[in-house]
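Asks: The structure follows.
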Amino acid sequence: MNTKILNREFQHPADGWYQIEAKGNHPNRTAGVVQVIDDEACAAIVNRFNADATAGRLSHGSEMLIDHEHFKHDADKESTAYGWLTKLDNRADGFYGQVRWTNTGKPAVDGGDYRFFSTEYDPADLTVLNKEGKAKTVRPLRLDGLTLTNDPNNKGGRPITNRDNFAEGGPSAANQSAVVPQGGTMADKNKPNQAKTMKNVAIKLGLAAEASEDAVLEAVTKIINRADSAAADVVKLTNRLTPLEAENQTLLGEQVEALLDAHKVTDAKVRNQAKPVLLKLTNRAERVGFLEDFGFKAGKGQAAAEADKTRVLNRGGGAVPESESDDAEQKQAGKIMNRAREIVKETPSIQLAVAVGMAKREIV
């Protein structure tokens, strides 16, 4: 079979968008940091750049200078513009940019003199992600500069121009020629790979490898429909959950009020201080135990209350009316709660329920 040898020139992306930075963790030994380029970083960088470009706040108004080898930071070097970055776009594998090439830059990338971008981030625009004692990990939130290089620190990005015109997963960009059947096209060469990919997709969907395109589309449609149905169910559950939560809070509040009444907590200040704590406790038993720790026992029946008007104390002074005893307990409970809040304020890591126990031991 006769073949043609195609020695292709370096080619720009068909859609005019160049990958500026690839996602991933990129160590920079000189700066002593690991840069995290993730979804959050890309979204922040893209949104900030486009907003600044629209408002004319970039280094050169609505565009960012693209020099080479970071020369603009060296007073002894020239700062020739090889291009102007005009817009960014957030994509699955990183962020991309549109470039207006200059008469100096276009021949340099057309001929492959420069193949990659190198980004610049200002320390003021880095969010530190880890604590001290580890390798400093940061997330860039704004692009501060861009340059051309052949030795980028942050690896994994696509070349600016590429001899390899195949789709991702095809032959390496290092190949400088491709063998195509006489009279054929690059699309013809791609067909075996496309067929293999379709077989893998069919198997992944639970179909036979030789399943037809209609069968594959039907299986994909079913998956999409199930996903839409599941999303609708989530919305319904969320809508139902909100009133249920409100109803639960109302019932819980009523239960707390009833417990306070049953334990004869009548002082308004003590009730207001106790309610937030009681609402956070897990169940009724814990709430009852909390009140009893303060000395509030559940009230007696009406008949027993009428028969027992006084509390007998075998100590000088004789019998003390129960009403006076109750007042003393209310005041003491107020003191305990006030001291507990002081303890929490002094030591924020201590929970209020624990602080109450500590305060009780101090006061009682």
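The values are calculated or read from the model by the stated rules, or taken from the named source; none is laboratory data. What you are looking at is a predicted structure, and each value in this text was computed from that prediction instead of being measured. Note that we place each Cβ from the backbone using ideal geometry, even for glycine, and neighbour counts take in every protein chain shown.
Asks: If we scan the range 275-287, do we find a residue that is exposed (fewer than 10 other Cβ atoms within 10 Å of the Cβ) and assigned to a helix (DSSP H, G or I)? Write out each step before concluding.
Replies: Narrowing the range 275-287 to residues exposed (fewer than 10 other Cβ atoms within 10 Å of the Cβ): 282-283, 285.
In the following step, the residues that additionally are assigned to a helix (DSSP H, G or I) were identified as 285.
There is at least one residue in the range 275-287 that is exposed (fewer than 10 other Cβ atoms within 10 Å of the Cβ) and assigned to a helix (DSSP H, G or I).
Asks: Right, next: Of all the strands (runs of 3 or more DSSP E) wholly in the range 1-111, which have at least 1 residues that are under 27 Å from ALA124 (Cβ atoms)? Let's see the steps before the verdict.
Replies: Values: elements: 3-6, 18-22, 24-28, 33-37, 64-68, 83-91, 94-101.
By residue number, 18-22, 24-28, 33-37, 64-68, 83-91, 94-101.
Asks: Right, here's the next one. Scan the range 109-122 and give yes if some residue there is modelled with pLDDT of 90 or more, in contact with a helix residue (DSSP H, G or I) (Cβ under 6 Å, 6 or more places away or on another chain), assigned by TED's automatic domain parsing to the domain that holds GLU21 and buried (at least 18 other Cβ atoms within 10 Å of the Cβ), otherwise no.
Replies: Looking for residues that are modelled with pLDDT of 90 or more, in contact with a helix residue (DSSP H, G or I) (Cβ under 6 Å, 6 or more places away or on another chain), assigned by TED's automatic domain parsing to the domain that holds GLU21 and buried (at least 18 other Cβ atoms within 10 Å of the Cβ), one finds at least one in the range 109-122, hence yes.
Asks: Mind listing whichever residues of the range 8-22 are of a type in the set (D, E, K, R) and modelled with pLDDT of 95 or more?
Replies: Residues of the range 8-22 that are of a type in the set (D, E, K, R), as a first pass: 8-9, 15, 21.
Within the range 8-22, just GLU21 meets the criteria.
Asks: Could you tell me which numbered condition THR104 fails, if it satisfies all but one of (1) at pLDDT 90 or above; (2) of a type in the set (Ser, Thr, Tyr); (3) in contact with a strand residue (DSSP E or B) (Cβ under 6 Å, 6 or more places away or on another chain)?
Replies: (3)
Asks: Tell me whether the range 65-87 contains one or more residues that are surrounded by 14 or more Cβ atoms within 10 Å (Cβ to Cβ), under 15 Å from PRO140 (Cβ atoms), in the same structural domain as THR161 (by TED's automatic domain parsing) and hydrophobic (A, V, I, L, M, F, W, C).
Replies: no
Asks: Moving on to the next point. Does the range 318-350 hold any residues that are at pLDDT below 75, closer than 20 Å to LYS275 by Cβ and of a type in the set (S, T, N, Q), and which are they?
Replies: Residues of the range 318-350 that are at pLDDT below 75, as a first pass: 318-330.
Keeping just the survivors that are closer than 20 Å to LYS275 by Cβ gives 326, 329-330.
Within the range 318-350, just GLN330 meets the criteria.
Asks: Out of the range 123-150, which residues are of a type in the set (Asp, Glu) and modelled with pLDDT of 90 or more?
Replies: Kept after step one, since they are of a type in the set (Asp, Glu), are these residues of the range 123-150: 125, 132, 144.
Correct list: ASP125, ASP144.
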